[in-house]
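What follows is calculated from the coordinates using simple rules that are stated; it is not laboratory data. Predicted model, so just to flag it, every value in this text is computed and none were measured. Glycine gets a Cβ as well: all are built from the backbone with ideal geometry, and neighbour counts include every protein chain shown.
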Amino acid sequence: MPHLFYPSSPQHRYYAWFEALHTRVDLLLFGNLDETGFERVEEEVLVCLDQVAAMGNRFDPQSELSQAVRSASQALGQPIPISAELFGLLERCLLANSETDGLFDITVNSPRFEPGLINAVELKNAIPRDNTTERGERGTAGGSLCLHREGIIIDLSGVLKGYALERVRLLLSALGIRDALVNLGNSSILSIGNNPSDIPSGYVLTTSGNATAERRHIRNPLTGAFIEGACQVSVTTADAVEGEIRSIATLLKTSL
């Protein structure tokens, strides 16, 4: 993958860019590794992002999410086993719906969406999720997903980049990277240690909205209408998933 390596004192700098999660990823790393060592870190970050996509990308029919929703749709009311990783992320999204008074809704892109559709999504048989490895990987045991209505689409696009950044944060820490900047599509940016950004160390800057007047992709689950015109909301949070939820909810709240 293309990259730039700058040997310098006291730390070397490594900058790489590539595509993952349907967006551009910019990776700026600092440390005492040589060029080959940084390349290995980059490769592990890409593997990590690919794992997140394989878990929660609804546009990939082979992702765990797509297969689980498809199976649950064909067997309404029946529990479909899912991993602890997917269970935990879905659980957080259902909680966020309640916390935002319905403004954050992972079912909003369903063909026959109506307010309250998310209540037809049920999670069962949770187990304690204390089996996260030092690289941010989750165990395979989980709970189950159950759907009680036809035509439900579960779309995690609103939180998947934030979740990916939290996985990357754990990975870089395990690999000994203490200073870094990770940018996913210019809308989710993680700051670690010392770096050239203005984002406080350990925090994430998350932006939601329409970058141009022609952009139209965020739907208000309370009204069914799409957000029109150029408008953006940015928030800074210690947790990237929380940032995704808050930025979307704040944007929608300002449009009411």
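Of all the listed residues (S66, S71), the sole one being in contact with a strand residue (DSSP E or B) (Cβ under 7 Å, 6 or more places away or on another chain), within 24 Å of I154 (Cβ to Cβ), free of Cβ contacts under 8 Å to residues at least 40 places away in the same chain and in a helix (DSSP H, G or I) is S71. Can L95 be described as in a helix (DSSP H, G or I) and either buried (at least 19 other Cβ atoms within 10 Å of the Cβ) or in contact with a His (Cβ under 7 Å, 6 or more places away or on another chain) (or both)? Spelling it out, it is not the case that L95 is in a helix (DSSP H, G or I) and either buried (at least 19 other Cβ atoms within 10 Å of the Cβ) or in contact with a His (Cβ under 7 Å, 6 or more places away or on another chain) (or both). Restricting attention to region 183-217, and to residues there that are closer than 21 Å to C231 by Cβ and polar (S, T, N, Q), which single residue is nearest to the chain's Cα centre (by Cα)? In this case the residue turns out to be S188. Remark: pairs (first residue in region 167-186, without any contact (Cβ under 8 Å) to a residue 60 or more places away in the chain and over 17 Å from R24 (Cα atoms); second residue surrounded by fewer than 17 Cβ atoms within 10 Å (Cβ to Cβ) and β-branched (V, I, T); Cβ separation under 6 Å; 6+ apart in sequence or on different chains) are absent. Set side by side, the residues F87, F59, F18 differ, and just one is of a type in the set (A, V, I, L, M, F, W, C), under 22 Å from Y163 (Cα atoms) and part of a loop (DSSP other than H, G, I, E, B), which is F59.
Yes or no, residue by residue, for (1) surrounded by fewer than 19 Cβ atoms within 10 Å (Cβ to Cβ); (2) in contact with a Ser or Thr (Cβ under 9 Å, 6 or more places away or on another chain); (3) closer than 18 Å to D155 by Cβ:
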site: T207; (1), (2), (3): yes, yes, no
site: N210; (1), (2), (3): yes, no, yes
site: R216; (1), (2), (3): yes, no, yes
site: R219; (1), (2), (3): yes, no, yes
site: A225; (1), (2), (3): yes, yes, yes
site: E228; (1), (2), (3): yes, yes, no
site: C231; (1), (2), (3): yes, yes, no
site: S247; (1), (2), (3): no, yes, yes
site: T254; (1), (2), (3): yes, no, no
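Residues in region 53-83 that are surrounded by 19 or more Cβ atoms within 10 Å (Cβ to Cβ) and under 16 Å from the mean Cα position of the chain (by Cα) were compared, and the one that is farthest from H22 (Cα to Cα) is L65.
Scanning region 110-119 for residues that are crowded, with 17+ Cβ neighbours inside 10 Å and either among the small types (G, A, S) or assigned to a loop (DSSP other than H, G, I, E, B) (or both) turns up S110, F113.
If you check T236 against the conditions, is it in a strand (DSSP E or B) and within 18 Å of D105 (Cβ to Cβ)? No: the conditions fail for T236. Only one of the listed residues (T254, T207) is of a type in the set (S, T, N, Q) and either touching a residue at least 24 places away in the same chain (Cβ under 8 Å) or under 15 Å from K161 (Cβ atoms) (or both). That residue is T207.
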